[in-house]
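J.: Sharing a structure here in structure tokens format.
Readers should treat all values here as calculations from the given coordinates under stated rules, not as data from a laboratory. Treat the numbers as computed from the prediction; the structure is a model and nothing was measured. Counting neighbours? That spans all protein chains shown, and the Cβs are built from the backbone with ideal geometry, glycine included.
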Amino acid sequence: MSATLSSLLTLQVYTYLLVFCRVGAVFFLMPGFGETFVPARVRLGAGLAASLVLTPLQAGVIAAVPPPAHLAAQVGSELLIGLTIGVWLRLFVYALFIAGAVIAQQLALNHIFNGVAENIGTSALSNLLMLTGINLFFALNLHGSTLAALADNLRDMPLGQGVVPVELFTNRILEAVGSTFATGISLAVPFLVVGTLLYAALGFVNRAMPQMMVFFVAAPAITATGLVLFLIALPMILTQWAGGFEALLANF
């Protein structure tokens, strides 16, 4: 009886360890919890708590604790799955960073602010969009949706299914990188159009009056136009990004 109870407890602890390897890796990279200004203890605690909630979903999946060689392979596989999901989520946040950099460059907004967040020297608009996106992540309960997506992921890809092919996750990461750039550029498309039209008009004026310092005179107007357009488009940018994040969670 004692040996059976000890074996059962050992199996439950091992199941919890595997769940934590996957979920904890996600929490160390996911938006909100994975920021550099969030203490590692907070990320660790969140990962441990989430793993405790999700472990009952895997009851009975692991039949026995494997030998050390297979144990290391299973732990490595779960870490790889978790890191892949975490990187995917993190890259989608950087779509806001890319959009902010493009907007600031296109409408001459990068010279009126300095980097104010963790990435010193970067565009303040990029940092503003990223921080706003992180706040929106919690305000719209996307962290809860992420936890639900992890539960679905555990059901679709149970623990201890062997070593997952690295090529599969390499393809998913490459797909996420391409999606990040595409999303970032799509969020900044209105500013690309307006900026192109403004600079084209200034080019015609400069051609008509070459003695006039057109770009120097028009710089305040370009900056003001960019700020007004940014304030108008900000809700739409964040709404589109949040919708894309929910679609991303649905593809886990």
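J.: Between VAL189 and LEU231, what is 0.36 nm times their sequence separation minus the Cα-Cα distance? Round to one decimal in nm.
T.: 13.6 nm
J.: Using the charge dipole of segment 2-250 (Lys, Arg: +1 at Cβ; Asp, Glu: -1 at Cβ; taken about the Cα centre), state which of PHE204, THR10, ASN135 has its Cα farthest towards the positive end.
T.: So the residue furthest toward the plus end is PHE204.
J.: Tell me the volume per residue, in Å³, of the convex hull enclosing the alpha carbons of segment 24-112.
T.: 122
J.: Using R₀ = 51 Å, calculate the FRET efficiency as 1/(1 + (r/R₀)^6) where r is the Cβ-Cβ separation of ALA250 and MET209; round to 0.05.
T.: Once rounded, the FRET efficiency stands at 0.40.
J.: Using a basic spin-label model with each label point 7 Å from the Cα along Cα→Cβ, how many nm lie between LEU52 and ALA64?
T.: In this crude spin-label approximation the distance works out to 3.1 nm.
J.: Apply 1/(1 + (r/R0)^6) to the Cβ-Cβ distance of THR196 and VAL42, taking R0 = 41 Å, and write down the FRET efficiency to the nearest 0.05.
T.: Working: r = 44 Å, r/R0 = 1.07.
Result of the calculation: an efficiency of 0.40.
J.: Calculate the spin-label point distance for GLN240 paired with ALA139, positioning each point 7 Å from the Cα along the beta-carbon direction, and give it in nanometres.
T.: Result for the modelled spin labels: 1.9 nm.
J.: If you don't mind, there's one more thing I want to ask. For the chain, modelled as a Gaussian network with Cα springs under 10 Å, which listed residue fluctuates most, PHE216, PHE230, PHE28?
T.: PHE216
J.: Sticking with this one: In whole Hz, with x marking every Gly and Pro, tabulate ³J(HN,Hα) for segment 66-77 from phi via Karplus 6.51 cos²θ - 1.76 cosθ + 1.60, θ = phi - 60°.
T.: My calculation for segment 66-77 gives x, x, x, 5, 5, 4, 4, 5, 5, 4, x, 5 Hz in order.
J.: If you take all C-alpha pairs in segment 146-252, what percent of them are over 17 Å apart?
T.: 70
J.: Still on this structure, I have one more. For segment 86-93, take each phi angle, set θ = phi - 60°, evaluate the Karplus expression 6.51 cos²θ - 1.76 cosθ + 1.60, and give the result in whole Hz per residue in order, putting x for glycine and proline.
T.: Whole-Hz 3J(HN,Hα) from phi for segment 86-93: x, 5, 4, 5, 5, 5, 5, 5.
J.: When every alpha-carbon pair in the chain is counted, what percent end up more than 24 Å apart?
T.: Across the chain, Cα pairs with separations above 24 Å total 56 percent.
J.: Under a Cβ-only charge scheme (Lys and Arg +1, Asp and Glu -1), can you give me the dipole magnitude of the chain about the Cα centre, in debye to the nearest 20?
T.: It comes to approximately 240 debye.
J.: Among VAL75, VAL217, VAL228, pick out the residue whose Cα is farthest towards the positive end of the charge dipole of the chain, where Lys and Arg carry +1 and Asp and Glu carry -1 on C-beta, about the Cα centre.
T.: Comparing the listed Cα positions along the dipole, VAL217 ranks first.
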